[in-house]
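Data first, discussion second: the structure below is written as structure tokens.
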Amino acid sequence: MYFPQDTPVELGPTGIFPGTQLLESRMFEDENPKEEVTAQGGAGTFALIHYDIWHRSTANVLGQPRYMLKFEFMRTTAPSAPSWDCRNPIWAPSKEAAAAESHQAVIWEETWNWLFGRIGSLADTQPDDAEAVERLAAALAGSDERSALNAAYSLAARGQGGIAALEEALRQENSRISRLAAYGLSAAGTGSVAGLQAALDSSDAATVCHAAFALGELRELAGAAVPRLAALLSGQSAEVRRQVVDSLGMIGSPAERIVPALIRGLRDEDSQVRFMAALSLLRLKGAAADAVPELAEALQDPNRYVRGHAAEALRYIDSPEAREVLFRELFNLRWCSDTTKASTF
């Protein structure tokens with residue numbers, strides 16, 4: 001469909017909702033809020049959005065086919081330093097922002113520290129006050145999502161007392177509370193690793209997934225948990241296996257233990273486990289060189305995302321063997337046999 005350069009048009013069906021990506025629930029009731037922003041622009045315009053923000057497909061008011069061409073960008077490494085001209089390394093929100101969104105102050109600080117490459121940065125930044133811990137634990141279990149989320153991160157700053165409260169919440173049958181506790185434990189530093197490892201033995205799949213997630217967010221601080229995580233690739237649900245291969249790639253070392261586990265993930269019966277395993281090998285770059293033969297096999301996987309991630313992993317490994325496999329595949333590949341009018345993506 002052609003549009004003159006100066007004609008504003010919607011770029012496919014995307015609408016962006018107001019609010020925050022940190023919240024699971026929408027904070028408004030109107031299905032068509034006036035604050036919604038739609039992706040519009042002249043011919044040749046593209047939109048760059050983050051998948052985690054609240055967005056939706058808007059109504060097709062013209063009744064004509066709408067096409068969207070999407071390119072996905074994924075981090076292969078976490079930040080190690082600010083990527084901007086930072087004059088002050090200490091998080092300091094404006095007074096207006098702090099007053100308007102006080103419930104997010106601790107979360108903002110953790111996000112700021114993450115951008116600096118600081119892991120578990122909230123650990124022991126507040127007194128281990130029993131009364132404060134009790135109050136925050138009650139808020140964590142409460143029905144107000146904003147207060148509960150803030151309490152999870154605030155408990156991470158309250159030393160071993162706060163960590164103990166988060167560990168107890170992690171084992172709650174209520175999956176929402178357990179997940180929020182995992183967020184807090186992911187910011188609590190090395191003091192949370194032992195409890196998270198213990199939670200991997202839970203009979204509740206949600207608890208195991210949440211514990212594995214938090215260990216992945218702790219990256220190299222959670223290296224001691226690698227053997228127990230790798231063991232979960234046998235006899236667990238697909239949901240658990242997906243989280244495990246993702247977390248192993250985030251932890252990154254020791255590679256000699258992680259790579260064999262991810263190779264097992266490449267052979268998993270679940271396609272999402274396989275493509276997450278390939279993505280994790282990509283993150284390991286040259287340390288994943290032992291996986292080249294299995295990645296070569298993955299280039300023939302029936303799932304196109306597994307094939308794509310396997311090719312990217314070979315590119316990032318960048319050894320002579322990886323380059324040979326990748327060049328041979330690229331020279332042989334002339335089209336995607338999966339792409340038809342009925343299957344365009």
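Read the figures in this text as sums done on the coordinates, not as results from a lab. Since we're looking at a predicted model, the values are computed, not measured. Glycine gets a Cβ as well: all are built from the backbone with ideal geometry, and neighbour counts include every protein chain shown.
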Cα-based shape type of the chain, given that a ≥ b ≥ c are square roots of the gyration tensor eigenvalues and the cut on a/c is 1.5:
oblate
Can you list, bin by bin at 5 Å, the percent of alpha carbon pairs in segment 183-254, starting at 0?
3, 21, 35, 27, 12, 2
Sort all Cα-Cα distances of segment 146-204 into consecutive 10 angstrom bins from zero, then give the percent of pairs in each bin up to the one containing the longest distance.
27, 60, 13
For a quick check: with amide H placed at 1.01 Å from N, whose amide H comes under 5 Å from Thr38's, ignoring anything fewer than 5 positions away on the same chain?
Ile16
How big is the gap, in Å, between the Cα center of segment 69-94 and the Cα center of segment 242-287?
24 Å
Scoring segment 275-345 by relative contact order with C-alpha pairs under 8 Å, at least six apart, yields a percentage of 32 percent
5 Å is the cut-off here: which amide hydrogens, built 1.01 Å from N in the peptide plane, fall below it relative to Thr125, excluding neighbours closer than 5 in sequence?
Gly159
Quotient of Cα radius of gyration and Kirkwood radius for segment 172-310, i.e. Rg/Rh, equals 0.98
So for the chain, averaging the separation of alpha carbon pairs under 8 Å that are six or more residues apart and normalising by length, what relative contact order in percent results?
9 percent
Could you order peptides 265-277, 220-232, 73-85, 241-253 by the average number of other Cβ atoms within 10 Å of their residues, highest first?
241-253, 265-277, 220-232, 73-85
Helix-only mean residue ellipticity at 222 nm, the chain, DSSP H runs n ≥ 4 weighted -39,500 (n - 2.57), per residue, nearest 500. What is it?
-14000 deg cm²/dmol
Net charge within 12 Å of His50 by Cβ-Cβ distance, Lys/Arg positive one each and Asp/Glu negative one each, not counting His50 itself?
-1
Listed by chain and number, the residues whose amide H is under 5 Å from that of His55, excluding neighbours fewer than 5 places away on the same chain and using placed H, are Phe17
Note, Ile163: beta-carbon cut-off 11 Å, +1 each Lys/Arg, -1 each Asp/Glu, net -3
Check the straight Cα-Cα distances from Lys70 and name the lysines below 21 Å, setting aside those fewer than 8 residues away within the same chain.
Lys341
Toy charge model, Lys and Arg Cβ at +1, Asp and Glu Cβ at -1: the chain dipole around Cα centroid in debye, rounded to 20, equals 920 debye
Semi-axes of the equivalent ellipsoid for segment 255-345, Cα gyration tensor, largest first, Å:
22, 16, 9
